[in-house]
Amino acid sequence: MIKVENLYNTFGHIETAKNIYCHFEQKKVTCILGGSGSGKSTLLKQMVGLGKPTSGKIIFDGQDITTLNRKDMYKLRKKMGMLFQGSALFNSLNIYENVAFPLREHTDLSDNVINTIIKIKLEMVGLRGVEHLMPSQLSGGMTKRVGLARAIVMDPKVVFYDEPTSGLDPIAAGVIDKLIKDLNLKLGVTSIVVSHDVDAALKIADKIIILFYGDIIAEGTPEEIRNSDDPKVIQFINGSPDGPIPFKMTDKDFIEDILDEKI
Amino acid sequence: MATGNPIAAFGRGGLNTLSGIGSAGIFLIHAITQIFSRPFRLRRYIQEIEFLGAKSFLIVFVTAIFTGMVLALQGYYTLSGFGAEALLGVAVSQSIIRELGPVLCALMVAGRAGSATAAEIGIMKITDQVPALEMMAIDPIAFIISPKVLAGIISVPILTGFFDLIGIGGGYLVGVNLLGVNEGAFIGNMVSTVTAHDIWGGFLKSVFFGLIIAWVATFKGYTAKATTEGVAAATTSTVVLSSVLILVVDYILTSMLL
Ligand SMILES: Nc1ncnc2c1ncn2[C@@H]1O[C@H](COP(=O)(O)OP(=O)(O)OP(=O)(O)O)[C@@H](O)[C@H]1O
Ligand SMILES: [Mg+2]
């Protein structure tokens, strides 16, 4: 369904993708795991054509989206939904209008039908009853769930989730994880989930990709990842501070750095 | 990147400015063509006209009335030296309709609505609302920018019309009611000297100024760096650049109209 080929991306001196290859299968849940700042959001945005990579190809349904013009890209995007890391709700519209927005723009549905769809989608994310609040009146976790309701309101074939459960309490996170899996199993939605949450990824993913500062250090089924004997993978899934993955951003000796007077 | 050669630096600065103007031009053309393509989002246009126009009314009212009043005050003391108080209506109306109405009105709108527009668009960018529109297959320029550009072109001339009327009213108040200039002379001389050309010139200026305000504010906001500092910088430079452009374009238009 989506193939990333020889993707290289850099922002000045930060390399967020170092010639990576990966592929995302249709009707499967693929989780991209990786530390903060490892380039996950950047990769996700480039996979939907928001921002071009420095070089390389991203093949979506046989088309290289890095070369598509606006019109063709928009046609493709009607099959996609995306939950942004910061939810990206329109702060001038209330919750109801935020979720209804794509329907109002792209369909001629009557207000009654729209009303029913909104109720269903908000019920799915456990938020029926907040329709008339403004985004600024919701908590971070609640806006995230509204963002999710909006991402799925047009029933897209592929949904991209950028950290769908970060900032949510364990129960809400569990509901969202289950929702992602249900959408996938019942409606066949291809799902690409960027996450920090190793346990959730092991539970819902068909395939896991571990990204580490622009490199893919592991990929495979949850089973394969769990049983991996690669010390980097073991360290990552156990979250241990010591191991082959340095926690620090620099190799410079800490004491030396403190004593170094130059800033 | 920084080479010591001042000529090269000057050349690079010049090229950057040129490419900046080029991309601002493409941006504007994109926004304007989207005004004419479907779907036409009437509600968005009404919202923006309300924001830029209706909500600027109070500040325009206050500026206009005091401008007219002070013009009458100043004009009276100059004119009465020549025994020409009867021309006060002419002096006030000519300066307001031809010059101060369009310029002051535009400067006030640039300060109030231009800065707010740049900030609003910048924040939409930081919070991923602009990419979210892209994701929903909606052209952000058509959705966000086009209504703002049209609102500028429509609202500023209307506000200028109000400014002219209120300003002349302020002048009348001070001239006739306070300083005792003859009412018939004030109105009569004013009506017989104001020409359609004066009104047309003021109107033309206000259309250009409305376009400048909307163009600068939307472009600065849309191209702001997606950081808090980036948005702050865009807001400031919107007010500075649009004010300077208004004054420069005013000179150019005046020299062409006279
Ligand atoms: N538009 C941009 N311009 C410059 N640098 C950027 C830009 N976007 C991201 N970066 C940098 O690229 C790196 C990767 O960012 P990205 O947001 O993809 O990380 P992430 O894996 O999603 O992190 P997190 O888990 O914290 O969300 C970071 O160092 C970030 O500072
Ligand atoms: Mg991220």
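Readers should treat all values here as calculations from the given coordinates under stated rules, not as data from a laboratory. Bear in mind that the values here come from a model prediction, so they are computed numbers and not experimental data. FYI the Cβ positions are ideal-geometry reconstructions off the backbone, even for glycines, and counts take in every protein chain you see.
Tabulated data for the structure shown
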| quantity | calculated |
| --- | --- |
| Largest to smallest principal axis extent of the C-alpha atoms in the protein assembly as shown, angstrom | 102, 67, 42 |
| Pairwise centroid distance, computed over Cα atoms, of region B:109-149 with region A:128-144, Å | 22 |
| Average partner coverage of B:123-133, which counts Cβ from other chains inside 10 Å | 6 |
| Per-residue HN-Hα couplings for region B:181-197 [Karplus 6.51, -1.76, 1.60; θ = phi - 60°; Hz; x = Gly/Pro] | 5, 5, 4, x, 5, 4, 6, x, 5, 4, 4, 6, 9, 5, 9, 4, 5 |
| In region A:174-212, trypsin sites (Lys or Arg not before Pro) in a DSSP loop with at most 13 other beta-carbon atoms within 10 Å | none |
| Largest-first principal axis extents of the Cα set of region B:41-152 (Å) | 70, 24, 18 |
| Shielding by other protein chains, A:96-107, mean Cβ within 10 Å | 2 |
| Shape parameters for region B:129-214, alpha-carbon atoms, Rg then Dmax in Å | 20.5, 66 |
| Listed peptides B:229-241, B:76-88, A:43-55 by packing density, highest first (mean Cβ within 10 Å) | A:43-55, B:229-241, B:76-88 |
| Flagged links, alpha-carbon separation over 32 Å, of A:Lys18/A:Lys181; A:Lys45/B:Lys55; A:Lys57/A:Lys203; A:Lys71/A:Lys203; A:Lys207/B:Lys220 | A:Lys45/B:Lys55; A:Lys71/A:Lys203; A:Lys207/B:Lys220 |
| Rounded D (µm²/s) - region A:1-125, Kirkwood Rh over Cα pairs, Stokes-Einstein at 37 °C, 0.692 mPa s | 196 |
| Per-residue average of Cβ from other chains inside 10 Å of A:63-74 | 1 |
| Taking all pairs of distinct alpha-carbon atoms in region B:44-257, Kirkwood radius in angstrom | 18.2 |
| Span per principal axis, largest first, for the Cα atoms of region B:65-113 (Å) | 43, 16, 12 |
| Over 21 Å (Cα to Cα) - which of A:Lys52/A:Lys178; A:Lys78/B:Lys148; A:Lys121/A:Lys186 fall in this group | A:Lys52/A:Lys178; A:Lys78/B:Lys148 |
| Over the protein assembly as shown: helical MRE at 222 nm, DSSP H runs n ≥ 4 each giving -39500 (n - 2.57), nearest 500 | -18000 deg cm²/dmol |
| Computed magnitude of the charge dipole of the protein assembly as shown (debye, nearest 20; Cβ of K, R +1, Cβ of D, E -1) | 1220 |
| A:Gly35 long-range amide H proximity, modeled H, under 5 Å | A:Tyr213 |
| Residue with peak Gaussian network fluctuation, chain B [Cα springs, cutoff 10 Å], from B:Thr117, B:Thr227, B:Thr17 | B:Thr17 |
| Rounded D (µm²/s) - region A:77-230, Kirkwood Rh over Cα pairs, Stokes-Einstein at 10 °C, 1.306 mPa s | 97 |
| Between region A:221-244 and region B:210-258, the alpha-carbon center distance in angstrom | 54 |
| Cα gyration tensor, chain A - rounded (a/c under 1.5), prolate or oblate | prolate |
| Dipole of the protein assembly as shown, positive end: most advanced residue of B:Met108, A:Phe11, A:Val130 [Cβ charges, Cα centre] | A:Val130 |
